[in-house]
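Since the structure comes first, as structure tokens, the remarks are kept for the end.
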Amino acid sequence: MLKLEKVTKHFEKVHAVQDVSFQVNRGSVYGLLGPNGAGKTTTIRMIMNIIQPDSGTIRIGDGTSGGTDSRMLGYLPEERGLYQKRKIREVIRFFGQLKGLSLKEAADHCQIWLDRFGMSDQADRKVSELSKGNQQKIQFIVATVSFPELLILDEPFTGLDPVNQIILKDIIREFRDEGKTIVLSTHQMDQVEQLCDHICLINKGQVVLEGALASIKEKHGDQQIEIRFKTRPEKIATGLFKSYDIQNKILRGYLPDDLSFKEAVRRLTDMWDIEGIARYTPSLEDIFIKLVEA
């Protein structure tokens, strides 16, 4: 559904995006991740044809990003872009018509989405009268008003309470199950783990990690260890770990690449009174921090 090949973008002396390549299959939720300033938003804007890459290609479906029917694409930017003085239903209908919907289609779709978010009774309120969370819901409705085949969401959960986060996640899963494609960019790693099947981590404009989320977690768990001590040790042999964190009687850390788990267990049991040792699967946040800080 979406394919980037060696996409590069420079701004004066800044290499915002450098040879970024990845592919998003139809009917999947794909996490586009990275720290602030990594190049995620620049990449998204190139996909949406807002800015042009210096080199490389971007293909959506069977065509390029610039030649795609606007009804096929939906984009929720991180920054809100709603007309504050207009009524909610007017804003949604206007953006629906910009997407190529007829006035009737835009009105029908507007009602469907307002009903879904429990906001039908607020349709004639001005956008400026809404809370930040409700404005975010309207921003999402605007992005999805045409029921697009490719939906790009940049920090979609911002300002939403837990109940509305659940509604939004349910909608994303429904889109996926209908064969639609979602690109999700967020710093909320727990949401990524719940929703995404594949991820791409960009740092300093370059891809540092890409693939199936389950495979990535399994791979990065090979050298992770959890130790439960009977009594907290006074001193940790730092040579046994690349890094570690100890809370009360539990230590979680990374073993050096040249130290096998079996050998680590032998050394540890010789040194300390240990209740248990196990490998543990890292969270996506663990992996994110490890790679970004490397």
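Here are the numbers:
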{"item": "Residues of the stretch 80-132 satisfying the condition of being assigned to a loop (DSSP other than H, G, I, E, B) and of a type in the set (S, T, N, Q)", "result": "Q84, S102, S131"}
{"item": "Counted residues, the stretch 197-222 - those being touching a strand residue (DSSP E or B) at 6+ places or on another chain (Cβ under 9 Å), open to solvent by less than 70 Å² (accessible area, probe 1.4 Å) and charged (D, E, K, R)", "result": "1"}
{"item": "Residue match in the stretch 139-161 (condition: over 16 Å from the mean Cα position of the chain (by Cα), exposed (fewer than 15 other Cβ atoms within 10 Å of the Cβ) and either at pLDDT below 95 or farther than 22 Å from I289 by Cβ (or both))", "result": "yes"}
{"item": "Yes/no for T231 being assigned to a loop (DSSP other than H, G, I, E, B), touching a helix residue (DSSP H, G or I) at 6+ places or on another chain (Cβ under 6 Å) and either over 27 Å from E149 (Cα atoms) or open to solvent by less than 30 Å² (accessible area, probe 1.4 Å) (or both)", "result": "no"}
{"item": "L76 being touching a strand residue (DSSP E or B) at 6+ places or on another chain (Cβ under 6 Å) and in contact (Cβ under 8 Å) with a residue 24 or more places away in the chain", "result": "yes"}
{"item": "Residue within the stretch 93-105 that is touching a residue at least 40 places away in the same chain (Cβ under 8 Å), under 16 Å from Y75 (Cα atoms) and of a type in the set (K, R) present", "result": "yes"}
{"item": "Unique match (being aliphatic (A, V, I, L, M), open to solvent by less than 50 Å² (accessible area, probe 1.4 Å) and under 25 Å from the mean Cα position of the chain (by Cα)) among V7, V14", "result": "V7"}
{"item": "Lone qualifier among D115, D54, D108, D121 - being open to solvent by 50 Å² or more (accessible area, probe 1.4 Å), in contact (Cβ under 8 Å) with a residue 40 or more places away in the chain and not basic (K, R)", "result": "D54"}
{"item": "Checklist (1) outside any helix (DSSP H, G or I); (2) open to solvent by 30 Å² or more (accessible area, probe 1.4 Å) applied to Q194, failing item", "result": "(1)"}
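The values are calculated or read from the model by the stated rules, or taken from the named source; none is laboratory data. This one's a predicted model, so the numbers in the text were calculated from it and none came from an experiment. Neighbour counts run over all protein chains shown; Cβ positions are idealised from the backbone, glycine included. When the accessible area is computed, the model is the full protein with side chains, heavy atoms only, and any ligands, DNA or RNA have been set aside. Shrake-Rupley method; radii C 1.70, N 1.55, O 1.52, S 1.80 Å.
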